[in-house]
Ligand SMILES: *Cc1c(COP(=O)(O)O)cnc(C)c1O
């Protein structure tokens, strides 16, 4: 096919995708503004075909990688002995940190046969992926009242099989920084490793601190922290496929590497998980750091926090909605004690907004960046409308608590055939939010009111007469 036809075809295929460039997606995409993006894109193109697998062939890439790592170590207040690599993303950085810990323990704690790593409930699933891949026992601990790792539970979980503790800066679900200093103290005390997952915060928190915001210490400034992961392709605004894994020294990083010396194809060595590594993403990461610079990141950060403040104010003005925990940066989760937050989510999705739906507690999650400056007002208007609509049709607004409980319980135990019949009763009412419709239908089937038992009996009676 001719090039212009192909490119037109690609543009057409984009039509159904989320409109992140209009600020509609509170996840997945990080964009620094078109001017910077243009430069980063050009940098990627300059190294589009180059391969960082063999550093001897492309000293350009090797030097850029070293410079990025050393800039990051500096950003994370290292001592100067740190070393690391650029990886394809947060997941690879985390996989490597876990693999490194396993092999470090093989050498330094050979008596351990079943290595364990302790992680908070909110840690990114990439850790559980790593445990699955590398045969590690993951020990999950709960959170304190501020949604940070519960340090008492961590203390209890440490035993002679423990090889590493993990904390996030911040955790993705609630955007709060785990008690890194306390964790690192425990790690020192028990002579185990301590990884900080700064994948989402690594290129935000240091600038937030420089702007004068209070930021918990989370980096190499904290004694006992032995490795840090941070995603260049998130708030670093590099091209996708770029993260860093940084270790406190090269004795630790040595456990990350892989060599195979008897291959007929020659002696093969590889620093990270991938073999072939894209030159473009390394060049783009290097360029993003230099193009944006410290002042640039601080400006982006400041602008983002202004949008965060608008959102927080907007949330605070809606009595049904509450912020989960006290988010430390630009990741916000909202829940509700009085209305179905997922139904609010459905309403927002219908209007083209994209965000994550979370559980324990039920909440909606928003990752905020500068791209949302243009859309924050519209978003808050839509959120208000969504809450209003859900309120209007909420079972709670129509009836009392007991009924809702009865209907909820029944809807989960009744045979599917009955449910769909009830659903059909309310199908005519198109203005109802999707997931509320079946419950609304059931409420319609209810008659009278009274105590829970009477309600359930009445409901069962009506349902049975439907048969
Ligand atoms: C995004 C993220 C990861 C994983 O990064 P990927 O680049 O998606 O693989 C890990 N930890 C945290 C806290 C994250 O936000």
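Computed as a quarter of the hull surface, the mean projected area of the alpha carbon convex hull for the range 36-143 stands at 9.9 nm².
Given all pairs of different Cα atoms, what value in angstroms does the Kirkwood hydrodynamic radius of the range 5-59 take?
14.3
Computed packing ranks the peptides 153-162, 346-355, 331-340 as 331-340, 346-355, 153-162, most packed first, by mean other Cβ atoms within 10 Å.
Given R₀ = 30 Å, FRET efficiency for residue 74-residue 137 by Cβ-Cβ distance, to 0.05?
Numbers: r = 35 Å, r/R0 = 1.17.
Computed FRET efficiency for residue 74 and residue 137: 0.30.
Extension gain, residue 39 to residue 249: 0.36 nm times the residue separation minus the Cα-Cα distance gives 72.3 nm. Projected onto their three principal axes, the Cα atoms of the range 137-271 cover extents of 58, 41, 24 Å, largest first.
Sort the range 208-265 into rounded, prolate or oblate with this rule: let a ≥ b ≥ c be the square roots of the eigenvalues of the Cα gyration tensor; rounded if a/c is under 1.5, and if a/c is not under 1.5, prolate when a/b is larger than b/c, oblate otherwise. Oblate. Output the antiparallel fraction of DSSP beta bridges having both residues in the range 111-165, as a percent to the nearest 5. Approximately 10 percent, going by the DSSP bridge assignments. Ordered from longest to shortest, the equivalent ellipsoid semi-axes for the range 71-193 are 20, 20, 15 Å, each the square root of 5 times a Cα gyration tensor eigenvalue.
Calculation over all alpha carbon pairs of the range 255-355 in 5 angstrom steps from 0 returns a P(r) of 2, 9, 11, 12, 11, 9, 10, 11, 9, 7, 5, 3, 2, 0 percent.
Peptide packing: for 102-114, 22-34, 363-375, the average count of neighbouring Cβ atoms within 10 Å per residue gives the ranking 363-375, 22-34, 102-114, highest mean first. Rg/Rh, computed from the Cα trace of the range 304-399 with Rh as the Kirkwood radius, has the value 0.94. Placing pseudo-labels 7 Å out from each Cα toward the beta carbon at residue 268 and residue 210 gives an inter-label distance of 4.2 nm.
Taking every DSSP beta bridge that has both ends in the range 51-184, the antiparallel portion is near 10%. Between residue 381 and residue 9, the simple spin-label model (points 7 angstrom out along Cα→Cβ) gives 4.0 nm.
Computed from label points 7 Å out along Cα-Cβ, the spacing between residue 114 and residue 156 is 1.9 nm. In a fully extended conformation the segment linking residue 351 and residue 146 would gain 70.6 nm over its present Cα-Cα distance, using 0.36 nm per residue. Average 1/r across all pairs of distinct alpha carbons in the range 296-347, invert it, and you get the Kirkwood radius: 12.2 Å.
Taking 13 Å as the cut-off, the amide N atoms of the range 125-151 that come nearer than this to a point 7 Å along the Cα-to-beta-carbon line of residue 189 belong to 151.
Each value in this text was obtained by applying a stated rule to the coordinates, not by laboratory testing. Everything quoted here is computed from the prediction, not taken from an experiment. Positions of Cβ are backbone-derived with ideal geometry, glycine not excepted, and every protein chain shown enters the neighbour counts.
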